[in-house]
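Reading through the structure tokens given below for one structure.
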Amino acid sequence: MTIQVTDSFNQLKIVSGNIVQYYKYATVKSLSPVSDSKGDFAVIINFIVDDKNNPLILKMKDVSNQGTWVNNATGANAAIETISDWMHTDNPSTEVQVTGWTAPLGQKPMATSIPVVISSDQSDIDVILKGPIGIKPVAESVPVTIASDEGAIPVSGSVSATIAGPLGQAAEAASVSVVIASDQTGAIRTPGIERVTNAANVAAGAYSVSFANVHASANSTVKTVILKPGETITFDAGAVNNTLGAIAYVATGSELLIIKIT
């Protein structure tokens, strides 16, 4: 009588006429090819628990639904390979037993993960990063620690960086070191000059402002300080990109020459 052998729901299914049998792969101990004196080949399936020492015998000449399971050594080996593939790839277990503890496979929080120690002489391990590479929020990023004795790391192409935290002047320990290129070009500033005979303010935001009292005899005032005829005063913001606040002046009845850089 012919039989049909298939993989069904992670079990070995054998149909012989109107009789259907299922065998769990987890109970299988070994698969072996054999032949008899007539030259017929079969696969013997031994089980882990078999008190009667009664293995399952699949005769290649009886199998009707597996084209490669022909009645010779090649066919028997093909049957063993196929059944072995079924045992390992069809709906594999999603659990792993480690010292009596069962845990789901895959990335998990620390509390439900299995610690793994990589040997000190481990060769390089390929790592596949899932998802797009680039700047991401902390929750979506892969933390990277650079060794304290790491030398210069070569970088090709352009590199963009996002600085976390408030920008501005800070103490050395909280600052990011910056090296300005030797061929860095300077920023272009706009000079301005005007003569005034009224009271007003130089608006905040200038990098430098100079006042000169060019009247023949009358005083002017700058920030409530008298500027006599012929006197000049300059305000400079100093460090790169620093700017001045508003500066009040009074030139009523006098004349001021104001030069500013914005």
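Each value in this text was obtained by applying a stated rule to the coordinates, not by laboratory testing. Predicted model only: the values in this text are computed from it and were never measured. So basically every Cβ, Gly included, is an ideal-geometry build from the backbone, and we count neighbours across all protein chains shown.
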Considering residues of region 1-25 that are among the hydrophobic types (A, V, I, L, M, F, W, C) and surrounded by 11 or more Cβ atoms within 10 Å (Cβ to Cβ) only, the residue nearest to the chain's Cα centre (by Cα) = Leu12
So Tyr207, is it surrounded by 19 or more Cβ atoms within 10 Å (Cβ to Cβ) and farther than 16 Å from Arg195 by Cβ = yes
Looking only at region 211-225, which residues are more than 60 Å from the chain's Cα centre (by Cα) and closer than 17 Å to Asn198 by Cβ?
-> Asn213, Val214, His215, Ala218, Asn219, Ser220, Thr221
Between residues in region 16-33 that are within 15 Å of Thr82 (Cβ to Cβ) and residues that are of a type in the set (Ser, Thr, Tyr), which pairs lie under 9 Å by C-beta distance while being six or more apart or on different chains?
-> Leu31/Ser84
Filter result for Ala246 (closer than 27 Å to Ile188 by Cβ and either surrounded by fewer than 19 Cβ atoms within 10 Å (Cβ to Cβ) or touching a residue at least 60 places away in the same chain (Cβ under 8 Å) (or both)) = yes
Which numbered condition Leu257 fails, given (1) under 56 Å from the mean Cα position of the chain (by Cα); (2) in contact (Cβ under 8 Å) with a residue 60 or more places away in the chain = (1)
